[in-house]
Amino acid sequence: MRFASPEWFILVPLLVLAGWYWRALRLHAPLRFICLALVVLLLARPQIRRLSDGLDLWVLVDRSESAEPSLGPRLDEWQSIIERGKGARDRVNYVEFASEAMVRGAGDARVYAGQKSRTQLASAIRFALAQADGSRAARLLALTDGYSTEPLGDLAERLVKQEIALDHRLARAGGGNDWRILRLAIPRRAQVGEPLLIDIAVAGENGAKIPVEIFSDGQSLGRNEVSIERGTGTLRVTDRLVSPGAHRYEV
């Protein structure tokens, strides 16, 4: 147990002195003594350590084809910085991922044996969270280019529940032609014949004009160009539903 505000214990000798000097206060009475002791204890804010000393750092290393040109040249330097900053009771675990996640052993060569065509960052995060030791403080660090091929939106609740923070260090190669759909926002409900707004965001290198085609139930709604400025570009189009039921939109 530790106390967050131990300075409040200065009240103990002061209360003893007051009780001895002003007898009429009857601070020595059992009930008053217990109440004052509890007040001082609450002011001192007792805390119980439920986690062991040290930090478990799970480093998620992106081994996908898209990340290799930008992350590969920086990886040795970043890992060296991580190892130099490790405390005596800290532990660093490396998880390499692309199409699947796997823990790198202490003596393993840094050669990823899985398929590199996808960037399954969300799966790698879930994998590390499942491996985390609940008796130790933990933190995740993702070394990636930031272009995940699966959504990450459902991970926040689990990270909060396990009280594990997720940090990231993005590696971006300058001058590359790599773009992605950042957002596709459509109303969940709409009346037949009512216009609905389709909001699209594209991320990538600055100064480019990216062709974007929108599909509704497999049928093309048209092709547009999105200009990328400051890393992102947006496009808004409207559509009308001609029949009730569920409809699938793709970009």
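The values are calculated or read from the model by the stated rules, or taken from the named source; none is laboratory data. In this text, all values refer to a predicted model and were calculated from it rather than measured experimentally. Methodologically, a virtual Cβ is constructed for each residue, glycine included, from the backbone with ideal geometry; neighbour enumeration extends over all protein chains shown. Quick note on the areas: whole protein, heavy atoms, side chains included, nothing else; ligands and nucleic acids left out. Shrake-Rupley method; radii C 1.70, N 1.55, O 1.52, S 1.80 Å.
Only one of these is out of contact with any strand residue (DSSP E or B) (no Cβ under 6 Å at 6 or more places or on another chain), open to solvent by less than 80 Å² (accessible area, probe 1.4 Å) and not in a loop (DSSP other than H, G, I, E, B): Leu155, Leu143. Name it. None of the other options fit; the residue is Leu155. Restricting Gly193, Gly134 to those that are out of contact with any Asp or Glu (no Cβ under 6 Å at 6 or more places or on another chain), part of a loop (DSSP other than H, G, I, E, B), without any contact (Cβ under 8 Å) to a residue 60 or more places away in the chain and at positive phi reduces the list to Gly193. Does the stretch 214-227 hold any residues that are open to solvent by 60 Å² or more (accessible area, probe 1.4 Å) and in contact (Cβ under 8 Å) with a residue 12 or more places away in the chain, and which are they? Once the filter is applied, which keeps residues that are open to solvent by 60 Å² or more (accessible area, probe 1.4 Å) and in contact (Cβ under 8 Å) with a residue 12 or more places away in the chain, the stretch 214-227 yields Phe215, Asp217, Leu221, Arg223, Glu225.
For Asn206, indicate whether it is open to solvent by 40 Å² or more (accessible area, probe 1.4 Å), at pLDDT 90 or above and either closer than 30 Å to Leu170 by Cα or assigned to a strand (DSSP E or B) (or both).
Details: open to solvent by 40 Å² or more (accessible area, probe 1.4 Å): yes; at pLDDT 90 or above: no; either closer than 30 Å to Leu170 by Cα or assigned to a strand (DSSP E or B) (or both): yes.
Judged against the criteria, Asn206 is not a match.
When residues in the stretch 22-48 are screened for being modelled with pLDDT under 85 and more than 30 Å from Ser135 (Cβ to Cβ), 6 of them pass. Of the candidates Arg26, Arg2, Arg84, the single residue that is among the charged types (D, E, K, R) and in contact with a Pro (Cβ under 8 Å, 6 or more places away or on another chain) is Arg2. Would it be correct to say that Arg110 is open to solvent by 90 Å² or more (accessible area, probe 1.4 Å), modelled with pLDDT under 85 and at positive phi? Against the criterion (open to solvent by 90 Å² or more (accessible area, probe 1.4 Å), modelled with pLDDT under 85 and at positive phi), Arg110 does not qualify.
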